[in-house]
Amino acid sequence: NAGVTQTPKFQVLKTGQSMTLQCAQDMNHNSMYWYRQDPGMGLRLIYYSASEGTTDKGEVPNGYNVSRLNKREFSLRLESAAPSQTSVYFCASSERADDTGELFFGEGSRLTVL
Amino acid sequence: QKEVEQNSGPLSVPEGAIASLNCTYSDRGSQSFFWYRQYSGKSPELIMFIYSNGDKEDGRFTAQLNKASQYVSLLIRDSQPSDSATYLCAVNAPWGAGGTSYGKLTFGQGTILTVHP
């Protein structure tokens, strides 16, 4: 029972490099999310996808792009990494695109940008 | 002002005591409120949610909501060392035009709880 799977778990980048964080869920959920977590800042929403084929910006979208590849997969891309993007990234999913708060999180991806 | 603010920690309580975690929110349109627990190095997991004013109990956990005061709290009775974690308050706050929610949560900064034997 995998739930939400993120890859990679750890990554070190140099400033200006690009990379994609992958996320897949096997719970047949409609909505998927990308959050970042920084010390003392809680979780901040980067992008979300309410349903397959739709994406929208969250609180901190600058410097990121997303793709909802299909119902299972939602990727996050950093085109030109900056040290300010050093963070722990969490992918999450929820069953319905309505007022629900039960998010199921992946294990997180720890990204360091030098 | 942060949209969701939690009492500053860390909070340390002895085993068997009641731990009280507090959260205030700024958007009066918020409709649903959640407490997530996050162990060190792990991902958050939902432990309680509350939609209506008043108390909601689940085992040793009680969530309290007061919409007039824009305040939500979590009480943990008979605290155990295994309760030591960061507790995140989350509020369903409308985003974007029209205020549609789609499960977009705004999280507080978290309160670190340590329960010592």
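The values are calculated or read from the model by the stated rules, or taken from the named source; none is laboratory data. Only a predicted model underlies this, so the values are computations on that prediction, with no experimental measurement involved. Note that we place each Cβ from the backbone using ideal geometry, even for glycine, and neighbour counts take in every protein chain shown. These accessible areas exclude ligands, DNA and RNA; they are computed on the full protein's heavy atoms, side chains included. Shrake-Rupley method; radii C 1.70, N 1.55, O 1.52, S 1.80 Å.
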task: From largest accessible area down, sort A:64, B:39; use a 1.4 Å probe on the protein chains.
output: B:39, A:64
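With a cut-off of 8 Å between alpha carbons and a minimum separation of six or more residues, what is the relative contact order of chain B in percent? Display every interim value, and only then the final one.
On the way: 286 pairs, mean separation 41.6, N = 117.
Relative contact order comes out at 36 percent.
What is the dipole size for the protein assembly as shown, taken about its Cα centre, with +1 at each Lys and Arg Cβ and -1 at each Asp and Glu Cβ, in debye to the nearest 20? Before the final figure, lay out each step's value.
On the way: 20 positive and 22 negative charges, 108 e Å.
Dipole magnitude for the protein assembly as shown comes out near 520 debye.
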Karplus (6.51, -1.76, 1.60) ³J(HN,Hα), θ = phi - 60°, over region A:3-13, in Hz, Gly and Pro reported as x: x, 10, 10, 10, 9, x, 7, 9, 7, 10, 10
Within a Gaussian network of chain B (alpha carbon springs, distance under 10 Å), most fluctuating of B:59, B:29, B:16: B:59
- line: Probe 1.4 Å, all chains present, heavy atoms only: residue B:112 accessible area in Å², nearest 10, is 90 Å²
Residues residue B:46 and residue A:28, FRET efficiency given R0 of 25 Å [Cβ-Cβ distance, rounded to 0.05]: 0.85
field: Long-range amide H partners of residue A:107 with built H, under 5 Å
entry: A:6
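Taking a temperature of 10 °C and a viscosity of 1.306 mPa s, what whole-number D in µm²/s does Stokes-Einstein yield for region A:23-114 with Rh from Kirkwood over alpha carbon pairs?
Details: Rh = 13.3 Å.
My calculation gives 120 µm²/s for D.
Suppose R0 equals 35 Å. What FRET efficiency, 1/(1 + (r/R0)^6) with r the Cβ-Cβ distance, do residue B:7 and residue A:84 give to the nearest 0.05?
On the way: r = 28 Å, r/R0 = 0.79.
Efficiency for this residue pair is about 0.80.
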- prompt: At a probe size of 1.4 Å, how large is the accessible area of residue A:10, to the nearest 10 Å²?
  reply: 150 Å²
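Compute the FRET efficiency between residue A:114 and residue B:80 as 1/(1 + (r/R0)^6), taking r as their Cβ-Cβ distance and R0 = 41 Å, and round to the nearest 0.05. Before the final figure, lay out the partial values.
Details: r = 41 Å, r/R0 = 0.99.
Once rounded, the FRET efficiency stands at 0.50.
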- request: Quick one: accessible surface of residue B:5, probe radius 1.4 Å, all protein chains present, in square angstrom to the nearest 10.
  value: 80 Å²
- prompt: Can you put B:20, A:80 in order of accessible area, largest first, using a 1.4 Å probe?
  reply: A:80, B:20
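How large is the charge dipole for chain A, taken about the Cα centre, if only the Cβ atoms of Lys, Arg (+1) and Asp, Glu (-1) carry charge, to the nearest 20 debye? Walk me through the numbers on the way to the answer.
Working: 11 positive and 12 negative charges, 90 e Å.
Charge dipole, chain A, about its Cα centre: 440 debye, nearest 20.
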